[in-house]
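What follows is a single structure, written as structure tokens, with notes after it.
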């Protein structure tokens with residue numbers, strides 16, 4: 001089957017399972033199962049890169065036993081010598097990025113030894129997407145027993161890459177928001193003056209701190225916009241403040257105090 005014919009077949013490019021798994025604990029397993037079925041991917045790793053120079057490994061799943069070690073090594077120092085780095089950062093704000101095809105000569109000797117020779121990786125494709133100041137860099141690998149990606153598999157990866165990249169970014173953004181909300185919930189439940197607010201006032205204030213608009217808060221909590229604005233007004237009055245900035249200042253002050261006690 002020709003690559004363009006395969007790409008035009010909706011069933012051949014169905015990433016629905018991965019999209020539906022966004023935000024769920026089994027997202028990594030659903031993602032790799034989808035990638036295996038659609039393009040014969042053996043292993044998938046996701047890195048988060050920032051303009052400030054930080055890097056972290058968000059996901060490591062598949063058939064490479066040393067994947068976690070490779071992820072730590074890449075995030076620790078090797079991201080700085082990745083030949084795809086310029087393409088990643090030049091692509092900020094341009095939508096989904098499909099990186100150049102893998103060739104061993106792209107990489108330095110030490111990089112090539114650790115990330116390909118020693119780990120049994122024989123081929124790689126990659127995509128990336130920038131969102132919220134973070135580059136989500138998604139890598140697809142094959143090991144020796146699988147051989148290199150076929151042309152049809154590369155074509156399919158190119159077709160599904162935008163949806164896969166967006167799903168990965170959305171999943172990890174949701175995870176970060178959920179963690180932040182859990183931390184805020186603990187703060188509101190245990191620390192004065194936030195703990196003096198009613199449960200609904202706390203619900204509204206937590207979402208303000210997470211960046212929700214008044215309309216989004218209303219939708220999430222299932223209340224009217226008028227009720228949202230009323231709870232916000234009452235919370236601000238109870239806290240003796242007049243603005244969102246002052247609410248942030250209270251929270252930052254409590255967090256700074258907690259760090260000072262450690």
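Values quoted throughout were computed directly from the atomic coordinates according to the rules given, and no laboratory measurement underlies them. Please read all numbers here as calculations on a predicted model, not as lab measurements. Note that we place each Cβ from the backbone using ideal geometry, even for glycine, and neighbour counts take in every protein chain shown.
Quote the relative contact order of segment 33-159 in percent (integer), defining contacts as alpha-carbon pairs under 8 Å separated by 6+ residues.
On the way: 195 pairs, mean separation 39.2, N = 127.
Computed value for segment 33-159: 31 percent relative contact order.
Extent of segment 3-176 along each principal axis, from alpha carbon coordinates, in Å, largest to smallest?
Principal extents (Cα only, largest first): 41, 36, 29 Å.
Can you give the angle from 0 to 90° between the axis of helix 151-190 and the longest principal axis of the chain, with both taken from C-alpha atoms, to the nearest 10?
20 degrees
So if R0 is 35 Å, what FRET efficiency would residue 210 and residue 117 give, r being the distance between their Cβ atoms, rounded to the nearest 0.05? Walk me through the numbers before you get to the answer.
Values: r = 45 Å, r/R0 = 1.28.
The value I calculate is 0.20.
Considering only 212, 47, 149, give the residue with the highest GNM mean-square fluctuation for the chain, with springs between Cα atoms whenever their separation is below 10 Å.
212
What percent do you get for the relative contact order of segment 91-150 when only Cα pairs under 8 Å and 6+ apart count? Don't skip to the end; give the middle numbers.
Numbers: 74 pairs, mean separation 20.6, N = 60.
Contact order relative to length: 34 percent.
Out of 221, 20, 194, any idea which swings most in a Gaussian network model of the chain, alpha carbons joined below 10 Å?
221
Output the 0 to 90 degree angle, nearest 10, between the alpha-carbon long axis of helix 67-76 and the longest principal axis computed from the alpha carbons of the chain.
Helix 67-76 and the main axis of the chain meet at about 70 degrees.
Compute the angle between helix 199-209 and the longest alpha-carbon principal axis of the chain, please, reported from 0 to 90 degrees and rounded to the nearest 10.
For 199-209 against the chain, the angle is about 50 degrees.
Work out the FRET efficiency for residue 106 and residue 230 from their Cβ-Cβ distance, taking R0 = 45 Å, and round it to the nearest 0.05. If you can, show how the numbers build up before the last one.
On the way: r = 59 Å, r/R0 = 1.31.
That pair, residue 106 with residue 230, gives E of 0.15.
Figure the gain on full extension for residue 238 and residue 33 (residue separation times 0.36 nm, minus the Cα-Cα span) and round it to one decimal in nm. Display every interim value, and only then the final one.
Details: separation 205, 0.36 × 205 = 73.80 nm, distance 5.09 nm.
Fully extending the segment from residue 238 to residue 33 adds 68.7 nm.
Got the relative contact order for segment 103-262 handy, in percent, Cα pairs under 8 Å and 6 or more residues apart? Present the calculation step by step, with values, prior to reporting the outcome.
Values: 110 pairs, mean separation 20.6, N = 160.
With pairs under 8 Å counted, the relative contact order is 13 percent.
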